[in-house]
Structures are given as structure tokens and as C-alpha cells.
Amino acid sequence: MSDHAPASPGRIAWLVVALLLPVALLNYLDRQMLAAMKSSMVADIPDIATKAHWGFVLGSFKWVYALLSPFAGYVSDHVSRRRVIVASLFVWSAVTFLTGHVGSLNGLIATRAVMGVSEAFYIPTALALITEFHLGATRSRAVGLHQMGIYLGVILGGFSGYVADSPALGWRWAFAVCGGVGVLYSLPLMALLRDPPHRPDAVRSPAPLAAARELLGNAGFVLLVLYFTLPALAGWVVKDWMPDILKEQFGLGQGKAGVSAVLYVQLASLAGAGLGGWLADWWMRRTPRGRIFVSAIGTLCFLPALFGVGNAGTLSMAVACLILFGLGWGFFDTNNMPILCQIVRPELRATGYGVMNMVSISCGGFADWGFGALRDRNVPLNMIFGVFAGIALLSAGIVLLIRPRE
């Protein structure tokens, strides 16, 4: 279980990352389009009457996704990760296509919930597969490269507001096209993606109750779950609500608000993932806590960024704070799975990441819903984001308590 394996990964290991990059992109493109095209969808579906309704739409995906994540990770630890990834991509892409044909609030909630079922299998499985091919020396960089696909998907999703505003295209067209692309890509992915040649997981993975006892009895894992969850409360609100916040605060059109909320922060996340992955792998040569230190630096960036977003008086100030948030998010996001690999044995890593997703994303769903309810009651933004900034400071202290196992 050492994180200092000297062997360099072969071309197959990097091919796995390259094949999963478009899947990661589609995974978050399908999610971000909903936030960027909110105004058009609300206008076209009249029974979405309040911000709390919209928050429930966002939350419905997260709650289902969260509930199934441990089960999805456990399945991935017992069967072919390749088949799980391909099936997940195919199903969520088909549901994305169907989202373009809904006509009611209940229909939209239903499609988002079903998408949560299918997408729950992807992230734990993909990250576990990458870390099985990349042992130690390149692990953070490999995970960081995969996460860059996520940020690119969020960036493209930010531009979907312009597509929704176009009379010739519209939000329904955007969902149909993205769903079709994902269904088509699942075919070459099935042919080219590989499982590790010697994978003991299916033989040695414990039974469900034994897996739960082992994970929950691991103090480092419990701390990591808490650390993974707290910054994500603000992260989900920034991803899902920031286009709407900028539109209201600075009088922007839907397209410009979506791009301003997404483009700069995600470009900064791209840079943060690359730099954070390289720095973590470099620091690991000097101390087994190298990845923990890099992640803590990223979390500390959230503190001034969130405080600044809540108090920004101009669009340029808000964007500058979002850029700092994105840079910190790249440092944070790139190292979560590599840190998990330092405290949990390989046979439980997808399950462990699934548990992390369950706690983090279910809380993120409540954060989305709660934020909408607070805004309906005119609670000031600076008060809400001030609380998020305080949580970021607490999170940095939590990750520094984790002690890696050798």
C-alpha cells in the first residue's frame, strides 16, 4: 500500500487517462448546462415558480447520486471497472438526451434523479482505475489530468447559456446533442479501455458490512470524509448558483453571466490541477504528507476568495475572487483520491470514495436547496459566503490531522 512505488507507468496507464478525459468532460458538461441555462428552462417550464423549486431540482440529482455512491463504489471494487465506466456513460448520456424533452417540474426532477443513479458509478470507478495504473510517482498528476476534463466540461457548460438564448437552437437542443455524443463515445471506449492486468480486488474485497466497519474504524478516513465534505458546500453553490448570482448582482445577460461565473474559475482550476498535481508528486519525494500539505494550501485559498465573492462591489472583483477559488479548488480536488490511497487499501478505494461522495454530495444538495431558500428570504450574500469562508478555515485544520499509512 506504499505511495512511493518507483516504477514509472507505461503508455497504457496514460492511455487510460486520455480515454477517460472526454468522459469526465461529458460528466460535468451535462451537469453545468442546467445551471447556465436556468433562465430559459424556467421560462419554458412554468411550474418552476420559486428559487427553492430550482434548488430542489439541483438537489434531486445530488441526493440520488450521493445515496448510491457507496453501493456504486462497492460494485466497482468487485467487477470490471471498465464495464462499469462504459455502462455509466451510456445510461447518463441517454438520460441527458431525454432531459431535452421534459415539459414539467416533476419530469425534470425525475430525469435528474435517474441521471444521479447512472453518474454515481463513474467518478469512484474512474479514479480507482487511474490510481491502479499510476502507483505513487505520477498519481497526483494522473488524477489532476483527469480532473482537468471535468473543468473543461464545466467551461463548455458555461457557454450553453448562449445556446439556450439562440432562437435557432435552445436548451432542448443542447441536451439532445450532448446526450447523443455520449452514447456514441461509449462504443470506442468499450473497445479501447482496459482493466489492470493483475487486479486482486475481486478476490480480496470484503463483504459489505466488513468493508463499512473497516472504513469507519479508520480515523484517517473519517477525517478525510469530513474534509472532503466541508469545502464542497461552497463548491456546489459556486458551480450551481454563481451564474444566477452574477446575473442578479450586476445586471448581466444569461450568456455573459454563465461565462463569467464559469470560464475564469474553471481555467484557474485547470491551472490549479496541473500545478497542484505536479507540486504534490514533487513534495511526496520529501515527505509522505506532501499531498496533504498541497491540499491544505488549496483550501486556505478559499478563505479570502469566498469572503471576497460575498462582498464584491464590481464584476471584476467578483471574477478575481472566483479565479482564486478555482486555483485553490484545483489543488484540493487533485489530491483527494491520492490521499485516500495513502490511508485505505486498494480493495476498498472505490467504496471509500463512494462513501466520501455520499456524504459530500448529499450535503451539497442541501446547500443548493438551502441557498435558494435563504435568497428567497433576502439573506445577504456576504453573510452566506462569510460562513463558507469560516468553514474553509476549519477544513484546512482537519486535513492536517490526517496521518498517512506506509
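Matching residues to (1) charged (D, E, K, R); (2) touching a residue at least 12 places away in the same chain (Cβ under 8 Å); (3) under 27 Å from Phe371 (Cα atoms); (4) in contact with a helix residue (DSSP H, G or I) (Cβ under 9 Å, 6 or more places away or on another chain):
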residue: Pro22; (1), (2), (3), (4): no, yes, no, yes
residue: Arg31; (1), (2), (3), (4): yes, yes, yes, yes
residue: Ala35; (1), (2), (3), (4): no, yes, yes, yes
residue: Val64; (1), (2), (3), (4): no, yes, yes, yes
residue: Leu68; (1), (2), (3), (4): no, yes, yes, yes
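State whether the residues of the range 119-139 include one that is open to solvent by 10 Å² or more (accessible area, probe 1.4 Å), within 15 Å of the chain's Cα centre (by Cα) and farther than 23 Å from Leu267 by Cα.
Yes, the conditions are met somewhere in the range 119-139.
In the list Arg405, Arg349, which residue meets the criterion of being assigned to a helix (DSSP H, G or I), at negative phi and either touching a Cys at 6+ places or on another chain (Cβ under 7 Å) or among the basic types (Lys, Arg) (or both)?
Arg349
Taking Asn382, is it without any contact (Cβ under 8 Å) to a residue 12 or more places away in the chain and surrounded by fewer than 22 Cβ atoms within 10 Å (Cβ to Cβ)?
no
Mind checking which pairs have a first residue in the range 240-254 that is in contact (Cβ under 8 Å) with a residue 40 or more places away in the chain and a second that is in a helix (DSSP H, G or I) and among the polar types (S, T, N, Q), Cβ under 6 Å, 6 or more apart or different chains?
Close Cβ pairs satisfying both conditions: Leu246/Ser260; Gln254/Ser39.
Just name the residue that is modelled with the highest pLDDT out of those in the range 385-404 that are surrounded by fewer than 20 Cβ atoms within 10 Å (Cβ to Cβ) and touching a Gly at 6+ places or on another chain (Cβ under 7 Å).
Arg403
Can you spot a residue in the range 38-47 that is touching a helix residue (DSSP H, G or I) at 6+ places or on another chain (Cβ under 7 Å), modelled with pLDDT under 80 and part of a helix (DSSP H, G or I)?
Yes, because at least one residue in the range 38-47 is touching a helix residue (DSSP H, G or I) at 6+ places or on another chain (Cβ under 7 Å), modelled with pLDDT under 80 and part of a helix (DSSP H, G or I).
The values are calculated or read from the model by the stated rules, or taken from the named source; none is laboratory data. The model shown is predicted, which means the values in this text are computed figures rather than measured ones. Glycine gets a Cβ as well: all are built from the backbone with ideal geometry, and neighbour counts include every protein chain shown. What goes into the accessible areas is simple: the full protein's heavy atoms, side chains included, and nothing from ligands, DNA or RNA. Shrake-Rupley method; radii C 1.70, N 1.55, O 1.52, S 1.80 Å.
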